[in-house]
1. Give me the residue from region 103-120 that is touching a helix residue (DSSP H, G or I) at 6+ places or on another chain (Cβ under 7 Å) and among the aliphatic types (A, V, I, L, M) and, out of that set, farthest from Ala80 (Cα to Cα).
2. Output the number of residues of region 73-109 satisfying the condition of being among the β-branched types (Val, Ile, Thr), surrounded by 17 or more Cβ atoms within 10 Å (Cβ to Cβ) and under 15 Å from Ile57 (Cβ atoms).
3. Tally time: how many residues in region 39-72 are hydroxyl-bearing (Ser, Thr, Tyr) and surrounded by 10 or more Cβ atoms within 10 Å (Cβ to Cβ)?
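Readers should treat all values here as calculations from the given coordinates under stated rules, not as data from a laboratory. What you see is a predicted model; the values in this text were computed from it and never measured. Here the Cβ positions follow ideal geometry from the backbone for every residue, glycine too, while neighbour counts run over all protein chains shown.
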Amino acid sequence: MYQQIQQEDATQLRHICLTDVALPADDGVSSFTQLKNQQPATLCYAPPLSTDDTAEILFTSGTTSRPKGVVITHYNLRFAGYYSAWQCALRDDDVYLTVMPAFHIDCQCTAAMAAFSAGATFVLVEKYSARAFWDRYRSTAPPLPNVFR
């Protein structure tokens, strides 16, 4: 697969990393699981950060005007995480599951950062199945407002 892409020179892609072990691998293709298992348990380097440093730039959809970049700071993400964790009363023994797309600010602030802030387990699934939900993940914090609990 990778060799075919290289031969066609159709992309500037330098690495292919497979998450599905059922797919065939060839030269130039890496297994995500193998790469992950080779990494140390702790970060080798943590750069100094200020709360005002830019964490990411998200682009609006442009529904009312042209799309624009919105600067999200580290403080924005941390505050949203702590506040959302407090709102949901998340604990470190909770499992927080979401099917929201990771590129969306709601997933980042109200799900991922909330779970990280509380020390909870965060599960991001590609496709939701109500039948498999409880048995597979044993989620203790479904993403429902408190009014529905």
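1. So, considering only residues that are touching a helix residue (DSSP H, G or I) at 6+ places or on another chain (Cβ under 7 Å) and among the aliphatic types (A, V, I, L, M), the one farthest from Ala80 (Cα to Cα) is Ala118.
2. 0
3. Of the residues in region 39-72, the ones hydroxyl-bearing (Ser, Thr, Tyr) are 42, 45, 50-51, 54, 60-61, 63-65.
Cutting the leftovers down to surrounded by 10 or more Cβ atoms within 10 Å (Cβ to Cβ) gives us 51, 54, 60.
So the answer is 3.
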